[in-house]
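Just below is one structure, and these are the notes that go with it.
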Amino acid sequence: MAKILRVEFHCHTGYSKDSLTRPADLLRVCRRKQIDRVVVTDHNVITGAQAARRLDPERVIVGLELMTREGELLAAFVRSPVPAGLPALEAIARLREQGSFISVSHPFDHSRRGHWHPDDLLAIRPHIDAIEVFNSRSLHPQANRSALQFASAHLLPGTVGSDAHAGFEIGRALLELPAFADADGLRQVIAQGRPLTRLSSPLVRLVSRYAVLHKKLLGDPFRTRVDQADHS
């Protein structure tokens with residue numbers, strides 16, 4: 001019987017501006033919750049994902065939640081950083097050059113800055129692999145329903161994610177998938193995914209706000225590590 005993996009597609013470490021989660025702590029939670037693969041998707045940087053992968057190369061997939069001019073992308077198997085703020089098609093082209101698997105974060109959640117206009121989604125539809133059809137942090141149920149409807153209407157498979165910014169959120173949305181080893185393997189099995197999903201409390205948004213305020217008042221130790229890596 002083929003091995004089934006429990007996969008977290010969307011989570012953050014302290015290398016995102018609105019999280020304080022250390023990569024080692026994220027991995028401890030993944031092991032405790034029997035999460036076989038975790039795509040670490042920090043905002044616009046891959047430093048945290050790379051740090052986590054060094055600690056557990058079998059479990060961690062380097063990912064990225066990337067802000068484009070039109071909305072946010074969610075990528076897995078990222079090898080090199082891509083600048084934020086590019087036109088979406090240019091950002092996708094740069095990710096494609098790396099062979100990355102490309103999904104779209106919470107496309108219809110209008111409480112997020114990175115949501116998408118339907119026309120912009122249609123424009124990138126031929127160039128992406130999936131749509132995030134469930135996000136545990138989406139406050140309005142219609143946001144996830146609209147994403148699922150768009151994916152179904154346009155024959156795109158779905159990813160799900162906890163969008164965890166703190167350890168206790170990790171694993172609230174998992175996809176069970178046949179085993180895969182790389183982005184091409186993920187593309188082959190993604191349509192077979194079985195979602196295991198739970199919404200988070202709206203109060204989890206306060207965790208992110210606290211992290212932003214904490215870093216603003218006390219400094220950002222993760223930013224220091226990024227600077228050190230850039231100059232090493």
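Throughout, read-outs are computed from the coordinates displayed, never taken from laboratory work. Since we're looking at a predicted model, the values are computed, not measured. Cβ coordinates were reconstructed from backbone atoms using ideal geometry, including for glycine residues, and neighbour counts include every protein chain displayed.
Summary table below
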item: P(r) histogram, all alpha-carbon pairs of segment 77-191 included - 10 Å bins from 0, percent; result: 13, 43, 39, 5
item: Solution diffusion estimate, µm²/s, Stokes-Einstein, the chain, Kirkwood Rh from C-alpha pairs, 37 °C, viscosity 0.692 mPa s; result: 189 µm²/s
item: Ellipticity estimate at 222 nm from DSSP helix runs (n ≥ 4, -39,500 (n - 2.57)) divided over the chain, nearest 500; result: -10500 deg cm²/dmol
item: At 0.692 mPa s and 37 °C, Stokes diffusion of segment 68-141 via Kirkwood alpha-carbon radius, µm² per second; result: 262 µm²/s
item: Kirkwood-based shape ratio for segment 1-96, expressed as Rg/Rh from alpha carbons; result: 1.00
item: Nonlocal Lys pairs with alpha-carbon distance under 27 Å, the chain (8 or more apart, or different chains); result: 4
item: The chain: most fluctuating residue of Ala130, Ala52, Ala181 per GNM, C-alpha cutoff 10 Å; result: Ala181
item: Net charge of Cβ neighbours under 12 Å - reference Ala179; Lys, Arg +1; Asp, Glu -1; result: -1
item: Global geometry of segment 130-199, whether rounded, prolate or oblate, following the gyration tensor of its Cα atoms and the 1.5 cut on a/c; result: oblate
item: Cα-derived Rg to Rh of segment 20-73, Kirkwood definition; result: 1.02
item: Extension reserve of the Leu89-Gln149 stretch, reckoned as 0.36 nm per residue once the Cα distance is removed; result: 19.3 nm
